[in-house]
Amino acid sequence: MLRTHTCGELTLTNVSQAVTLCGWVHRTREMGGLTFIDLRDRYGITQLVFNSDLDKVLGEKAKKLGREYVIQVTGKVVERSNKNLKIPTGEIEIMAAVLEVLNPSKVPPFTLEDDTDGGDELRMKYRYLDLRRNMVKNNLLNRHKVARAVREYLDGQGFADIETPFLIKSTPEGARDFVVPSRVNKGEFYALPQSPQTFKQLLMVSGFDRYYQIVRCFRDEDLRADRQPEFTQIDCEMAFVEQEDVLQMFEGMVKHVFQKVRNIELGTLPRMTYADALKYYGNDKPDMRFGMLLHDLTGVVKGNGFKVLDDAEYAGAIAVPGAAEYTRKQTDELTEFVKRPQIGAKGLIYVKCLADGTFKSSVDKFYTEEDLKIWAEAAEAKAGDLILLVSGELTVARRALSELRLEMGDRLGLRNKDVYKPLWVLDFPLLEKDKDSGGWMACHHPFTSWKSEDEQYFETAPGKIRANAYDFVLNGVELSSGSIRIHDRKKQEKMFAAIGLTKEETETKFSFILNAFEYGAPPHGGVAFGFDRFCSMIVSGQENIRDFIAFPKNNAGRDTMIDTPSSISDAQLKELGIGIEHH
Ligand code: ASP
């Protein structure tokens, strides 16, 4: 070993020992004949002292060290007179006697400090340097801790870690596939897994009973800030279980991980139906850290000759505590907020519930004090509150109210990242309308089973069928999805037909799993957690998955460090049997 200790471990107990350390030159300071160097490695920082009065040659050599030089230093541990109690090694320093430059460094393109001067782009291009910074480094080490806690729990519960292939055929999870051309089978392609869904189900057919894998998944989706084309899941499946068994098993896992990594006790998780989540929070991943629930005012706002509300399919409101004094400018701002194209509401109506019990609203022309009092009761607003009402098409208005609620939660400081409020959302719909084709598609994925009492709706109202599907939600972020699966060939065929697959398509795409279901497939179900998000939420309380991936892609799906995606040569294309078009 080139070193006897790390830069994070020496303390007063080591005083007068001769040690050798290796690391990077983090900072250099000169004071008279002394040169102080902060030597850094993964474990911490240790101060080195070079005394030119005692050893001129050594002192000169130390002065020439640049930032990020990799060095090896041998010397004696001494007690510091000027102690730094903020770091574990802050009570000692090393009186250097020997200095070896293991490798010089160019000046890094940005400072490797907690608060760096490097912008996003620069840091991504030099990600290997960015990873030397405490924040990103600690995130990755914590990610490792989370993975370890997950494995510890699942191993303890008898789950077997089994790898599934990456070069497969499409597994539908609602995204596009990344494809890989086959050289030996020209003109044919593999698809990268959007998830190991079908394989983990086949493992249940094989009898493995409890499977898990911390595994990469690939989805060619339109990119958003919190999305990565490749990401990691904690993918799990169990046989001979009902929904309740799965919920308890993975509630246990989440609690174990929080306890191990953050020393936080989560308590029993509340549960909410999908229908209630939409009704009271306006979306299927409610942030439970604060109230401000949605109230349905459709029944009380109609009949006063105000066309906007008279014609509305739905009118819903939230009561914002203590915001009755909002100025015109502030309410205008909120109106603009809900009218943004991504939200799409037509407008916003407000009612100020003034301290003296009277009301002031943006619709005073149409509604009396008495009317507004009824609104306030329906919205559970108190004196001092601001009622915000959005009307229109049910789904659009609810979405707008949901966004508005989160925005107001932010403004009022109700979304504290150190508060954790997880829950299960249950009874998702089985099918939803595809906006583009108008046909039905699987809400979760087509292997999800449904509630037998809803079977009747297949013919009459497919949108009403409730699935045996559940999500784990934390502070407004969906951390996992799962379901009890179909394990019967006939039912699986019925589902494929419901989402518009022809017999032939079903046969070419899914005969393997349909066949498997005819050889004693056990009842089974499972779940997959988005591992990057899970880490980000547990460790930082925020959703910032890029900071928890060693080498992530940017918002355009590029890795600017290795510069990919990139073109390949004509020769390579030809070898792969892919036609070349020249423009
Ligand atoms: N395969 C699903 C997904 O990736 C999760 C599951 O149903 O287990 O969302």
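A few notes on this one:
- Entirely in the stretch 143-229, the strands (runs of 3 or more DSSP E) that have 1 or more residues that are within 16 Å of the ligand (Cβ to nearest atom) and basic (Lys, Arg): 210-218
- Test: Val25 is open to solvent by less than 50 Å² (accessible area, probe 1.4 Å), closer than 25 Å to Arg133 by Cβ and either among the aromatic types (Phe, Trp, Tyr) or at pLDDT 95 or above (or both): yes
- Any hit, the stretch 563-573, residues being open to solvent by less than 20 Å² (accessible area, probe 1.4 Å) and either within 16 Å of the ligand (Cβ to nearest atom) or over 16 Å from the mean Cα position of the chain (by Cα) (or both): no
- Number of positions in the stretch 466-497 that are more than 30 Å from Cys535 (Cα to Cα) and open to solvent by less than 30 Å² (accessible area, probe 1.4 Å): 4
- Restricting Val261, Val241 to residues that are among the β-branched types (Val, Ile, Thr), within 16 Å of the ligand (Cβ to nearest atom) and modelled with pLDDT of 95 or more narrows the list to Val241.
- Residue list for the stretch 116-133, restricted to those being under 22 Å from the mean Cα position of the chain (by Cα) and surrounded by 14 or more Cβ atoms within 10 Å (Cβ to Cβ): Arg123, Met124, Arg127, Asp130, Leu131, Arg133
- A Cβ distance below 8 Å, combined with a sequence gap of six or more or placement on separate chains, defines the contacts here; from the stretch 351-372, residues that are farther than 16 Å from Thr327 by Cα reach residues that are surrounded by fewer than 12 Cβ atoms within 10 Å (Cβ to Cβ) and among the small types (Gly, Ala, Ser) in the pairs Phe366/Gly305.
The rows are residues; the columns are (1) open to solvent by 40 Å² or more (accessible area, probe 1.4 Å); (2) modelled with pLDDT under 95; (3) in a loop (DSSP other than H, G, I, E, B); (4) touching a Gly at 6+ places or on another chain (Cβ under 6 Å).
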position	(1), (2), (3), (4)
Asp287	no, no, yes, yes
Phe290	no, no, yes, yes
Ala312	no, no, yes, yes
Ala319	no, no, no, no
Tyr326	no, no, yes, no
Asp332	yes, no, no, no
Ile343	no, yes, yes, no
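- Test for Cys7: is it part of a loop (DSSP other than H, G, I, E, B), open to solvent by less than 30 Å² (accessible area, probe 1.4 Å) and not small (Gly, Ala, Ser): yes
- Output for the stretch 474-497, where each listed residue is in a helix (DSSP H, G or I) and away from the ligand (no atom under 15 Å from the Cβ): Arg489, Lys490, Lys491, Glu493, Lys494, Phe496, Ala497
- For the stretch 453-472, the condition holds for at least one residue, the condition being that it is more than 24 Å from Leu293 (Cα to Cα) and β-branched (Val, Ile, Thr).
- Boolean, Trp375 is among the aromatic types (Phe, Trp, Tyr), modelled with pLDDT of 95 or more, open to solvent by 50 Å² or more (accessible area, probe 1.4 Å) and more than 16 Å from the ligand (Cβ to nearest atom): no
- Arg405 being within 30 Å of Gly267 (Cα to Cα) and either in contact with an Asp or Glu (Cβ under 9 Å, 6 or more places away or on another chain) or open to solvent by less than 70 Å² (accessible area, probe 1.4 Å) (or both): yes
- Residues in the stretch 498-534 that are out of contact with any strand residue (DSSP E or B) (no Cβ under 9 Å at 6 or more places or on another chain), open to solvent by less than 20 Å² (accessible area, probe 1.4 Å) and assigned to a helix (DSSP H, G or I): Thr506, Phe510, Ile513, Leu514, Ala516.
- For the stretch 244-254, the set of residues classified as open to solvent by less than 40 Å² (accessible area, probe 1.4 Å) and away from the ligand (no atom under 12 Å from the Cβ) consists of Leu247, Met249, Glu251, Gly252, Met253, Val254, listed by residue number.
- Test for Lys106: is it loosely packed, with under 13 Cβ neighbours inside 10 Å, basic (Lys, Arg), modelled with pLDDT of 95 or more and under 19 Å from Leu129 (Cβ atoms): yes
The values are calculated or read from the model by the stated rules, or taken from the named source; none is laboratory data. Predicted model only: the values in this text are computed from it and were never measured. So basically every Cβ, Gly included, is an ideal-geometry build from the backbone, and we count neighbours across all protein chains shown. Surface areas here come from the heavy atoms of the whole protein model, side chains and all, with no ligands, DNA or RNA. Shrake-Rupley method; radii C 1.70, N 1.55, O 1.52, S 1.80 Å.
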